[in-house]
Amino acid sequence: MSAPAIDPVRTPVTASPTRTSAGKRRTTPARFDTALGWSDRSGPAWALRVLLCLLALGVFAAPFLTIFSGSFSEKASGSTLSFLPHHPTLLNFRVAGERGIWDYFGNSLVIAGGGLLLQLAVCTLAAYALARHKFRGQALILTLFMLTMMLPEEVIAIPLSLVLGHVPVVGVDLKGTVWGVILPLGAWGFSVMLLTEFMKDIPTEIEEAARIDGVGELRMLWQVVLPLCKPALGVAGVLGFIMIWDQYLLPLIAAKDPTDYTVTVALSILRTDPEVGSGVVLAGAVIALVPSLIVYLLLQRSLVTGIAAGATKG
């Protein structure tokens, strides 16, 4: 005879002390988990972090606020820190326009737009060849691109001026034209290196599957590789535009007439003009600052995504 079945006594399951203590210790929501170690609990450490952030914000924001307030002030001073304009007026912008600031601004827009398109096209093609193909001298070519970033503009100013005055082989004089500024900016070692490293991380299986479907080189680059490199293109676009927009020495040596200057060169002319005050110079600085801000605001998501992707690679 078998013994009667006895139902086992079920004891309530209690959480382990380790998990319970860990749960009690963690009171900070996930949205506060940052690189700075923010927490939702106030204390000396939290107050110190807030103080440091406000200090950094003041250091970076004070010059911008001073420029904007001075440009709208009737009597501005470049040595006075002021966040609000005194007797607001648009007279400074009108005087800057009479000095030809808008013509220089148009020259800068043409050069920055054309130079950026040429730069992205050349750097993308160079990066695709260096990243997705193997050939002799590949490392040497990439090293030469990187070496171009180490040469100061002052070193190549005189040779570049001679080349622009008489381009070898074709014998064309590019001085006094926008091409004299755009063509030297057609390739940038930083963009080539950045795009090359991103393209190297694209899995080869994707490329092999596309080649089985009969995809050629240009179609491979346009429809397969570039869509995967949008963050890197955003970084190259923002930094490339700022680099071209801030050019000072190249437009100066490529110009034949003052009407060929860009807005960066025009600011130095306004600075040395004894008939204008600091407010006109600050107004010109605001005009020169706006395009860089617009480009950054439009592409800031791609910029942040590209930097984060590069930081977490590997």
Let me know the number of lysine pairs in segment 99-312 closer than 26 Å at the Cα, not counting same-chain pairs under 8 apart. 4
Ranking request for peptides 282-290, 240-248, 47-55: highest mean number of other beta-carbon atoms within 10 Å first, then the rest in descending order. 282-290, 240-248, 47-55
Sequence of TYR128, TYR104 when ordered by accessible area, the most exposed leading, probe 1.4 angstrom: TYR104, TYR128
Defining a contact as two alpha carbons under 8 Å apart and six or more residues distant in sequence, what relative contact order in percent does segment 99-312 show? 32 percent
At 7 Å along Cα-to-Cβ for each site, give me the label-to-label distance between THR177 and LYS256 in nm. 1.0 nm
Quote the accessible area belonging to HIS86 in square angstrom, nearest 10, computed with a 1.4 Å probe and with ligands, DNA and RNA left uncounted. 110 Å²
Ordering GLU74, GLU98 from largest to smallest accessible area (1.4 angstrom probe), what's the sequence? GLU98, GLU74
Loop only per DSSP, at most 12 neighbouring Cβ atoms within 10 Å: give me the trypsin sites (Lys or Arg not before Pro) in segment 203-304, ordered by residue number. LYS256
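Just the number, please: carbon plus sulfur as a percent of the accessible area of segment 58-207, 1.4 Å probe, no ligands or DNA/RNA counted.
So the carbon and sulfur contribution to the accessible surface is 72 percent.
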Segment 99-312, accessible area per residue, ligands and nucleic acids excluded (1.4 Å, Å²): 54 Å²
In sequence order, calculated HN-Hα J values of segment 157-163 (Karplus, 6.51, -1.76, 1.60; Hz; x Gly/Pro): 5, 5, x, 5, 4, 5, 5
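The values are calculated or read from the model by the stated rules, or taken from the named source; none is laboratory data. Predicted model, so just to flag it, every value in this text is computed and none were measured. So basically every Cβ, Gly included, is an ideal-geometry build from the backbone, and we count neighbours across all protein chains shown. Side chains are part of the model used for accessible areas, which takes the heavy atoms of the whole protein and leaves out ligands, DNA and RNA. Shrake-Rupley method; radii C 1.70, N 1.55, O 1.52, S 1.80 Å.
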